[in-house]
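First comes the structure, then the notes that go with it.
The values are calculated or read from the model by the stated rules, or taken from the named source; none is laboratory data. What you are looking at is a predicted structure, and each value in this text was computed from that prediction instead of being measured. In this analysis, Cβ positions are derived from the backbone assuming ideal geometry, glycine residues included, and neighbour counts consider all displayed protein chains.
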Amino acid sequence: MLERDKFVLWDSGEVIYRAGDPSHEAYLIMEGSVELFTAEGLRLNRIGANEILGETSLLLDTERTVTAIASTVGAKATRIPRQYFADLSKRDKVTAALIRKIQFRLIDSNKQSNMLGLEIESIAALVEELIQQDSPDRTMITKLRGKLDAVRQQVVIDRHLAAYPNVQANAAEDAENADNFG
């Protein structure tokens with residue numbers, strides 16, 4: 001990290017902070033981009049110019065929830081002090097509550113993505129191992145099916161609602177009709 005004028009500069013691949021680190025400030029990215037990862041290494045997102053980095057831990061007064069690494073082009077940002085978020089919370093309670101709610105949803109989404117990523121990695125390893133065998137082991141196939149079922153239980157997709165997101169009235173009846181008629 002290099003500080004120049006009022007900017008913070010990170011080289012390509014430089015770790016900005018790690019999940020679990022204490023939080024002192026957030027950053028507004030001016031140029032470049034930053035990759036966000038879970039503690040286990042799942043890539044969650046890439047954020048770029050005019051996006052904020054590190055706000056979650058300040059808003060919720062927690063340790064860093066993700067690992068942030070400057071992308072291949074590096075990044076340039078301005079610091080946003082902790083006090084800025086404290087002042088915002090004092091000035092506008094409704095906005096502060098809304099922001100906190102969104103941050104909790106983001107954390108939950110990151111946790112679910114991480115869990116699913118780890119399960120998919122485990123499933124892929126089992127599939128690779130089965131492919132290498134001349135005659136697949138039945139216990140491994142049973143284990144693979146169990147893992148797939150567990151993932152399916154975590155990922156709930158209502159295909160009817162996805163196809164017709166604006167239809168609210170009679171949704172249960174429509175879903176039943178869709179199931180009956182394919």
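Some points to look at:
- Any hit, the stretch 2-15, residues being closer than 23 Å to Ile107 by Cβ, part of a strand (DSSP E or B) and not β-branched (Val, Ile, Thr): no
- Every residue from the stretch 112-136 that is within 12 Å of Lys147 (Cα to Cα) and either without any contact (Cβ under 8 Å) to a residue 12 or more places away in the chain or outside any helix (DSSP H, G or I) (or both): Glu121, Ala124, Ala125
- Only listed residue being basic (Lys, Arg) and more than 30 Å from Gln153 (Cα to Cα), chosen from Arg43, Arg18, Arg105, Arg100: Arg18
- Evaluation of Leu126 against (1) aliphatic (A, V, I, L, M); (2) over 20 Å from the mean Cα position of the chain (by Cα); (3) modelled with pLDDT of 85 or more; (4) closer than 19 Å to Leu42 by Cβ (one fails), failing number: (3)
- Flag for Arg64 being surrounded by fewer than 17 Cβ atoms within 10 Å (Cβ to Cβ) and among the basic types (Lys, Arg): no
Residues checked against (1) in contact with a strand residue (DSSP E or B) (Cβ under 6 Å, 6 or more places away or on another chain); (2) hydroxyl-bearing (Ser, Thr, Tyr); (3) at pLDDT 95 or above:
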site: Phe37; (1), (2), (3): yes, no, no
site: Gly41; (1), (2), (3): no, no, no
site: Asn50; (1), (2), (3): no, no, yes
site: Ala77; (1), (2), (3): yes, no, yes
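- Of all the residues in the stretch 1-25, those that are over 22 Å from Asn114 (Cα atoms) and polar (S, T, N, Q) number 1.
- Check on Phe104, within 30 Å of Leu148 (Cα to Cα) and either in contact (Cβ under 8 Å) with a residue 40 or more places away in the chain or of a type outside the set (S, T, N, Q) (or both): yes
Here's the yes/no breakdown for (1) within 25 Å of Lys6 (Cα to Cα); (2) of a type in the set (Asp, Glu); (3) touching a Leu at 6+ places or on another chain (Cβ under 8 Å); (4) part of a helix (DSSP H, G or I):
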| site | (1), (2), (3), (4) |
| --- | --- |
| Ser33 | yes, no, no, no |
| Ala39 | no, no, no, no |
| Ile47 | yes, no, yes, no |
| Arg64 | yes, no, no, no |
| Val73 | yes, no, no, no |
| Thr78 | yes, no, yes, no |
| Lys101 | no, no, no, yes |
| Ser109 | no, no, no, yes |
